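Working notes, beginning with the structure itself.
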């Protein structure tokens, strides 16, 4: 798997490419790196319309290679060391995006599968045909 990186690519373009590979994950770009086990403050979040070249001086036209078995920690480290980009992976959970900071040792595939399973369980619980009149009132 690979992501194209270049000074003239926006954060949003990288995010969309990543989400095509892992539909239940997303990456966000921050001004500062986060500490292990902790998330990044929202105030440090870059806008998705920013060009990568405006975020880091280490950006060059290149391809970031990784696999489904790459851990979140490894992917975040590659972004930081190779391109000077501070990213954090988020996983879908019941229509929310949660930081994977406590499970960064999991592979991207495992994170994505977990997000898919939680989303499907949530979607199944929300089916109107499964609701009785009593469910509507409780």
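The values are calculated or read from the model by the stated rules, or taken from the named source; none is laboratory data. Fair warning: this is a prediction, and the values are worked out from it, not measured in the lab. Positions of Cβ are generated from backbone atoms using ideal geometry, with glycine treated the same way; all protein chains shown enter the neighbour counts.
Within the stretch 1-54, being at pLDDT below 95, over 19 Å from residue 83 (Cα atoms) and not in a loop (DSSP other than H, G, I, E, B) holds for 42, 43. Residue 59 satisfies every condition listed in (1) over 16 Å from the mean Cα position of the chain (by Cα); (2) surrounded by 15 or more Cβ atoms within 10 Å (Cβ to Cβ); (3) in a strand (DSSP E or B) except (3).
Could you tell me which residue of the stretch 102-114 is surrounded by the fewest Cβ atoms within 10 Å (Cβ to Cβ), considering only residues that are modelled with pLDDT of 90 or more and in a loop (DSSP other than H, G, I, E, B)?
105
Could you pull out the residue among 44, 2, 13 that is closer than 25 Å to residue 116 by Cα and surrounded by 15 or more Cβ atoms within 10 Å (Cβ to Cβ)?
Details: 44 fails: closer than 25 Å to residue 116 by Cα; 2 fails: surrounded by 15 or more Cβ atoms within 10 Å (Cβ to Cβ).
Exactly one residue qualifies, and that residue is 13.
Can you pull out the residues in the stretch 83-101 that are farther than 16 Å from residue 24 by Cβ and either assigned to a loop (DSSP other than H, G, I, E, B) or touching a residue at least 60 places away in the same chain (Cβ under 8 Å) (or both)? Correct list: 83, 84, 85, 87, 101. Checked across the stretch 29-49, the condition of being over 19 Å from residue 99 (Cβ atoms) and touching a residue at least 12 places away in the same chain (Cβ under 8 Å) holds for at least one residue.
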